[in-house]
């Protein structure tokens, strides 16, 4: 669902409209038309909502239910899946020691990485070394990323103060 100014303007219009003919002007019901993966569906905000017209008497209820659906119910399953996966990776003591800025970096990432520091702590194994063609290609990619201003967000959940304790290992896949 897109959060657009048009939705806000429409809901504001409904609340400000004083005419007794609101249901005729809008032909709006207690339902929301949604499109997901190319398929259209109707979500009822209350049981039987597709047949309940929005009127002057119930317009505040409609707007409240719409907002609840928009910000809570429509994203609830997605957020729960995200939260479940997030807590599988990061929980316990790690989370209690995280400040808000670190948590933001963990979730959103950062465009600033020090690849030269990463190179210093990299250990090569399985026949790989700094001169192996695939490693040299990776270095060229990193140089391109740094000079083009493109964002490279792998490994950016690492807290800066913990970066030096990280060890990157390049090994041969069996």
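The values are calculated or read from the model by the stated rules, or taken from the named source; none is laboratory data. Computed from a predicted structure; not experimentally measured. Virtual Cβ from ideal backbone geometry, glycine too; neighbours counted across all protein chains shown.
What to note about this one:
- Here the condition is being modelled with pLDDT of 75 or more and either surrounded by 10 or more Cβ atoms within 10 Å (Cβ to Cβ) or in contact with a strand residue (DSSP E or B) (Cβ under 9 Å, 6 or more places away or on another chain) (or both); of 169, 80, it holds for 80 alone.
- Scanning the stretch 18-41 for residues that are touching a helix residue (DSSP H, G or I) at 6+ places or on another chain (Cβ under 9 Å) and part of a loop (DSSP other than H, G, I, E, B) yields 19, 28, 30.
- The sole residue among 65, 70, 15 that is under 30 Å from residue 106 (Cα atoms), in a helix (DSSP H, G or I) and in contact (Cβ under 8 Å) with a residue 12 or more places away in the chain is 70.
- Members of the stretch 42-62 that are in a strand (DSSP E or B) and either surrounded by 14 or more Cβ atoms within 10 Å (Cβ to Cβ) or under 23 Å from the mean Cα position of the chain (by Cα) (or both): 43, 44, 53
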